[in-house]
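Each remark here refers to the structure printed beneath this line.
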Amino acid sequence: MQLPTSWKSESLPHIINATKSRMRQVAWRRLGPLGLTPQQYQLIMAVAEQDGRCHGDLAKCTWMDKPTASRILRTLQDRGFVRAEPDPNHGRRILFHLEPQAEALLEDLQGFRQYMREGMERGLGAAQQTQLRSLLASVMDNLDRMEAELSEPASGTTK
């Protein structure tokens, strides 16, 4: 799809949302033949990067809310991609590990990761990539600040 000339004057939230949507579309097309959704891919890769992560850590590092991560982890367990085991050092914590079925997919999944990185950075020089990362980090800092403000009790209210 060719972007309209007005694209450069669109609001930042609109551009970021459109970028995320397009990333998901590309991801679905590449991951669909592997039988995975983009979110399943994210969680498998997070477990592959650090075996034995707990549910909360997996949710946080993949930017998912805990109920979504739980649902997807359950699906991955049902499909034989991950297994859940009690944490021997914490009575209530469950740790997730890759099963051989997921390990067999890792080469394809790492290829997909490389495809996305190279494809999205194509045409950007090293300085532009650094600048874009810095700008997006600033946007994320602003969003974190906004989220924290929304979590604070409203001034003037009583408990």
Open item on the list: Starting from 0.36 nm per residue, how many nanometres of slack lie between Glu147 and Lys8 once their C-alpha separation is accounted for?
Closed with: 47.4 nm
- [ ] Describe numerically, in nm with one decimal, the distance between label points set 7 Å from Cα along Cα→Cβ at Ala127 and at Met140.
- [x] 2.4
Open item on the list: What's the magnitude of the charge dipole for the chain around its Cα centre, counting Lys and Arg as +1 and Asp and Glu as -1 at the beta-carbon? Answer in Debye, nearest 20.
Closed with: 400
Task: Percentage relative contact order, the chain, counting C-alpha pairs under 8 Å, at least six apart - done: 16
Open item on the list: Between the stretch 71-95 and the stretch 15-68, what is the separation of their alpha carbon centroids in Å?
Closed with: 17
Task: ³J(HN,Hα), Karplus 6.51/-1.76/1.60, whole Hz, each residue of the stretch 61-68, x for Gly, Pro - done: 6, 9, 6, 9, 6, 4, x, 5
- [ ] Determine the calculated [θ] at 222 nm for the chain from helices alone, applying -39500 (n - 2.57) to every DSSP H run no shorter than 4 residues and normalising by the residue count; nearest 500 deg cm²/dmol.
- [x] -20000 deg cm²/dmol
Open item on the list: Ranking request for peptides 26-37, 126-137: highest mean number of other beta-carbon atoms within 10 Å first, then the rest in descending order.
Closed with: 26-37, 126-137
Open item on the list: Would any residue of the stretch 117-142 have its amide N under 12 Å from a label point 7 Å out along Cα→Cβ of Met23? List them or say none.
Closed with: 117, 120-121, 133, 136-137, 140
- [ ] Using θ = phi - 60° and the Karplus relation 6.51 cos²θ - 1.76 cosθ + 1.60, list the HN-Hα couplings for the stretch 107-114 in order, rounded to whole Hz, with x at every Gly or Pro.
- [x] 4, 5, 5, 5, x, 4, 4, 5
Task: Charge sum, other residues only, whose C-beta stays under 12 Å from Met140's C-beta, Lys/Arg counted +1 and Asp/Glu -1 - done: -1
TODO: Tell me the label-point distance for the pair Ala84, Tyr115, using the 7 Å Cα-to-Cβ offset, in nm and rounded to one decimal.
DONE: 3.1
Open item on the list: Using each residue's phi in the stretch 139-145, evaluate 6.51 cos²θ - 1.76 cosθ + 1.60 at θ = phi - 60° and report the 3J(HN,Hα) Karplus result to the nearest Hz, with x for Gly and Pro.
Closed with: 4, 5, 4, 4, 5, 4, 5
Task: Long-range HN-HN contacts of Val82 with modeled amide H, under 5 Å - done: Gln77, Glu99
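The numbers here are math on the coordinates, done by the rules we state, and not lab data. Fair warning: this is a prediction, and the values are worked out from it, not measured in the lab. Cβ coordinates were reconstructed from backbone atoms using ideal geometry, including for glycine residues, and neighbour counts include every protein chain displayed.
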